[in-house]
Each structure stands twice: as structure tokens, then as C-alpha cells.
Amino acid sequence: MSTPTTTCPALFLSAPASGQGKTTVTAGLARLLRNQGKVVRVFKTGPDYLDPQILAQASGQPVDQLDLWMAGEAYCRQRFYEAACEADLILVEGAMGLFDGEPSSADLAALFGIPLAIVMDVKGMAQTAAALVSGLASFRDDIHIAGLIANACGSARHRELIEDALPPSIPLLAAVPRDPALSLPERHLGLVQAAEIREDLEARFESAAKALEAAGLLEALSALPPVTFSAPQEQLVAVKTVLNGHTIGVARDAAFSFIYPANLDLLEQMGATLRFFSPLTDSNLPECDALWLPGGYPELHAQTLADNSAMRAAIQTFFNADKPILAECGGLLYCLETLTGYDDVTHTLLGLLPGQGAMRGRRGCQGMQTAELPEGPVRGHAHHRSMAEGTPEPIAHGRRQRHPAPGEAIYRDKRLTATYLHLFFPNNPDAVARLFSSAPALPEQQLESEEFIHATQ
């Protein structure tokens with residue numbers, strides 16, 4: 001039986017480094033095509049929560065994160081195939097620089113044969129931009145650079161200097177003018193969350209769409225050949241409906257919003273009913289069997305969280321009833337006794353776990369790791385600018401992707417599991433089901449889960 005295939009034009013937007021304007025250009029292009037009635041499916045490379053929020057609003061479509069290490073090739077292939085079946089165009093925004101990370105944006109583009117557009121902030125350079133993009137194009141022979149998008153271009157003459165210096169094989173797809181109205185607002189972990197600045201974003205999307213149209217990017221896109229996407233030769237492991245009748249309360253508001261859509265989808269595929277609540281504004285928990293406190297920005301809302309004594313009491317009661325709670329990164333900080341913000345003000349929080357959290361400027365931790373849980377290993381990542389002190393002895397540590405040093409600590413008290421790691425649930429559905437189930441994992445279940453994940457790698 002042959003593998004199903006479909007074709008769809010696709011473009012992978014990468015850059016020489018972070019901070020070149022990839023998200024601005026990707027969002028503006030998605031909005032431009034959406035305004036023309038096109039269905040645009042956008043993907044984000046790597047473990048990123050903030051850019052997908054922006055891209056989803058710009059495109060009007062859900063945005064999935066794709067990472068070959070964290071999610072696996074079959075998962076990425078399935079998402080691309082499904083998108084190609086419904087979209088007029090697929091856009092992929094890369095992470096960091098084109099060749100940064102293992103796997104890199106270049107690895108993902110090469111595996112699926114997606115042509116690359118290099119987005120480069122050309123302020124302070126001219127012919128050098130051509131040299132840089134030429135070097136990127138020649139670094140590997142398994143990628144195809146479709147052209148350069150010169151961002152923050154100062155003038156028509158600036159554009160001309162860059163275009164004249166480019167080799168014939170690398171066209172200038174567009175020169176985007178230097179305009180602060182196009183830039184997206186940022187804070188310490190990246191872009192400001194879309195929900196906080198929705199109306200402002202709309203104006204920026206429309207401005208970027210007009211700038212890209214005026215720069216001639218649509219004509220360049222029309223020359224893109226379609227890419228053939230195939231379904232995985234080996235179908236993804238069938239999800240077991242082991243959480244039927246199980247209700248999971250999910251914290252979701254301005255303080256807790258770092259949630260992979262794939263995680264929510266998996267929980268529902270396993271039969272769970274999801275009930276969203278706000279630790280900022282709600283006074284009671286929804287009726288539920290387990291809680292998920294994801295990452296986010298509790299440090300920006302610490303006073304409000306501290307003042308909501310009714311919610312704090314409700315979660316403490318839930319914890320004392322020995323019910324499952326998963327707390328990731330910002331959720332971990334919320335579970336500690338106190339949190340000290342950038343303003344050096346200390347706030348009293350849940351106190352489910354001994355310890356004090358504190359923000360620590362620009363220094364932080366990030367990287368891909370496997371959470372070595374009793375229920376089984378689950379891949380994920382860490383990205384934080386805080387520290388936790390006075391915490392109890394961890395039950396385990398994350399296993400770093402390529403370094404022998406112990407990763408993030410994993411704490412457990414009663415049925416609370418707390419860690420700085422953000423877990424990608426589809427990496428090991430069985431372990432995740434056990435994590436949220438009513439009964440703790442047994443040793444033989446852990447062994448089965450380890451066998452499962454090794455079989456799917």
C-alpha cells in the first residue's frame with residue numbers, strides 16, 4: 001500500500017541569528033495572504049510558546065511547534081501532511097540562526113525539502129548582507145535558499161546596493177522598510193503575549209502586510225514550486241483512551257499560558273475533559289480529578305496571585321487531598337512559599353513545596369532535556385530567568401540532550417510533580433496519562449513506559 005502524498009507551496013523563514021525580524025515578517029506575510037482569502041498554515045520550529053501566539057492571531061489558524069528531537073520525525077511529518085491537505089501555503093518560522101541547535105532549522109527544512117528565505121536585519125550593512133546570505137547558502141548542500149528578505153532596509157539606494165551584490169542564484173525577495181510600527185513588543189522571555197496586546201498587534205500585522213505587498217513579496221512567492229508532503233510511513237502510535245471520565249483543570253490566563261496546543265489535543269484524545277480556570281481571577285477550582293499549572297509569567301502578576309487567597313486555599317485543599325498536580329516552570333514558582341520579582345518585592349504564594357523563587361535578570365537556563373519521571377521519560381525543554389532555593393531533595397533530574405551534567409530538578413510531594421521543565425506530552429502519552437491519573441505509577445509501569453519511548457525513537 002503506497003504512502004499518501006499531497007503537494008502545497010511552502011516557505012521556511014530563517015535567519016543568521018535571533019533578533020532579525022523573523023516573526024514580524026512571518027506574521028505580516030501570513031496576514032497578507034489571509035487578507036487575500038488564502039488559508040495559511042504556520043509552524044514554529046523549536047520549543048517556543050510566544051511566537052506561536054502571535055502567528056496564530058496573524059494567520060487565523062492554529063500554530064503547532066515542530067522539533068525533530070522533542071516531537072520526532074513522524075509527528076512533524078504528520079502535521080505537515082495534514083496542513084498541506086487544507087492549506088494554500090505553509091509557512092515555517094525557524095528558531096535562532098539557520099544552523100543553530102541540534103536539530104537545527106536547516107535540518108527540518110532539509111528533511112522535508114522546504115525552500116528557505118533568509119530574513120536579515122540589514123541596518124548598518126549593504127554588500128555584506130549578500131556575503132552573509134551567500135555563506136549560508138553554501139554551508140550545506142542539502143538545503144535550498146530561495147532568496148533574501150532584507151529587513152529594516154533604509155532606502156531605495158540601500159536596497160539597490162544589496163541586490164546588486166547578490167549572486168544570480170539568490171534573488172532579493174523583498175526589502176522591508178525600517179519602521180518601528182512593524183516591530184513586535186518584547187520582554188524578558190521573548191515577545192509580549194498576544195492576548196495582552198491584541199489590538200496593537202492587529203495594527204502591526206496590517207502595517208507589515210502592506211509593507212510586504214509593496215516590497216513585492218507576493219510576486220516572489222508565486223514562483224515557489226509546490227512541495228510534496230507525505231504521511232508517515234509508520235503511523236503514530238495509537239492513543240489509548242485511558243483518561244475517559246477524567247477531568248483535568250488547566251490554569252490558563254495572563255500568568256499561566258505556556259501551553260502546547262498538542263498537549264491539550266493529546267489529553268482530549270486520551271478521553272480527558274479539560275476545564276480551564278484562572279488563578280488570577282477565579283475564586284474556586286473547577287470540579288476536576290487533576291490539575292495542570294503550566295509555565296507563564298507569574299512574576300508579572302505575583303501580587304494578584306498572592307492576594308487571591310480563595311484560589312490559594314482551593315489549590316492547597318486539592319493538594320492535601322493527594323490529587324495529581326503537574327507544575328511546570330511558572331507553575332513551579334507558584335507552588336513555592338514565596339516569589340521575589342524584579343522589583344525585589346517578595347510575595348507569599350501557594351507553599352505546596354518548600355522553597356523561595358526569585359527572578360535573576362538576564363541570566364537564565366534553557367535547553368532540551370528529558371524529564372526522568374517515575375511514570376516514564378518525557379522529552380521537553382527548560383527556559384527560565386529565575387531560580388528556586390531552599391527546595392527539598394529532588395526525586396530526579398532532567399537528562400540533557402547532549403551534556404552529561406544533571407538537568408533541571410524534578411520534585412515530588414504527595415501527587416504534586418514540580419519542575420522547571422516544560423513537557424511535550426505527545427513524546428510519551430502513556431507516561432503523561434499515568435502522571436494525571438488517580439493512582440501513582442508503579443515500578444512495572446515505569447519500565448513499560450521506558451520501553452514505549454525507546455520503541456518510538
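The table that follows gives values for the structure above.
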quantity: Options LEU442, LEU423: the member that is assigned by TED's automatic domain parsing to the domain that holds LEU305, surrounded by fewer than 16 Cβ atoms within 10 Å (Cβ to Cβ) and either at pLDDT 85 or above or among the hydrophobic types (A, V, I, L, M, F, W, C) (or both); calculated: LEU442
quantity: Cross-chain or 6+ apart pairs with Cβ under 6 Å, the stretch 146-159 first and in the same structural domain as GLU213 (by TED's automatic domain parsing), then basic (Lys, Arg); calculated: ALA152/LYS123; ALA152/ARG178; CYS153/ARG159; GLY154/ARG178
quantity: Qualifying position, being outside the structural domain of MET70 (by TED's automatic domain parsing) and over 26 Å from GLN65 (Cα atoms), among LEU264, LEU285, LEU274; calculated: LEU285
quantity: Number of positions in the stretch 221-257 that are surrounded by fewer than 19 Cβ atoms within 10 Å (Cβ to Cβ) and outside any loop (DSSP other than H, G, I, E, B); calculated: 5
quantity: Residue pairs meeting the criteria (Cβ under 9 Å; at least 6 apart or on separate chains; first outside the structural domain of GLY46 (by TED's automatic domain parsing) and under 16 Å from ALA110 (Cα atoms), in the stretch 67-88; second of a type in the set (A, V, I, L, M, F, W, C) and buried (at least 18 other Cβ atoms within 10 Å of the Cβ)); calculated: none
quantity: Subset of the stretch 315-357 (residues that are crowded, with 19+ Cβ neighbours inside 10 Å and in a helix (DSSP H, G or I)); calculated: ILE315, PHE318, PHE319, GLY330, GLY331, LEU332, LEU333, TYR334, CYS335
quantity: Qualifying positions in the stretch 10-31 - out of contact with any Leu (no Cβ under 6 Å at 6 or more places or on another chain) and basic (Lys, Arg); calculated: ARG31
quantity: Where TYR297 falls short, out of the listed (1) over 17 Å from LEU50 (Cβ atoms); (2) at pLDDT below 95; (3) among the aromatic types (Phe, Trp, Tyr); calculated: (1)
quantity: Number of the exception - LEU29 against (1) part of a helix (DSSP H, G or I); (2) at pLDDT below 95; calculated: (2)
quantity: Any hit, the stretch 46-64, residues being at negative phi, at pLDDT 95 or above, surrounded by 22 or more Cβ atoms within 10 Å (Cβ to Cβ) and part of a strand (DSSP E or B); calculated: no
quantity: Only listed residue being modelled with pLDDT of 90 or more and assigned by TED's automatic domain parsing to the domain that holds GLN53, chosen from ALA251, ALA209, ALA223; calculated: ALA209
quantity: Yes/no for LEU13 being in a loop (DSSP other than H, G, I, E, B), in contact with an Asp or Glu (Cβ under 7 Å, 6 or more places away or on another chain), at pLDDT 95 or above and among the aliphatic types (A, V, I, L, M); calculated: no
quantity: Unmet criterion (only one of (1) hydrophobic (A, V, I, L, M, F, W, C); (2) modelled with pLDDT of 95 or more; (3) over 30 Å from VAL242 (Cα atoms)) for MET387; calculated: (2)
quantity: Residue tally, condition of a type in the set (Lys, Arg) and without any contact (Cβ under 8 Å) to a residue 60 or more places away in the chain, over the stretch 221-266; calculated: 1
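The values are calculated or read from the model by the stated rules, or taken from the named source; none is laboratory data. Note that the coordinates shown come from a computational prediction; the quantities given were computed from them, not determined experimentally. For neighbour counting, all protein chains shown are included, and Cβ atoms are generated from backbone atoms with ideal geometry for every residue, glycine included.
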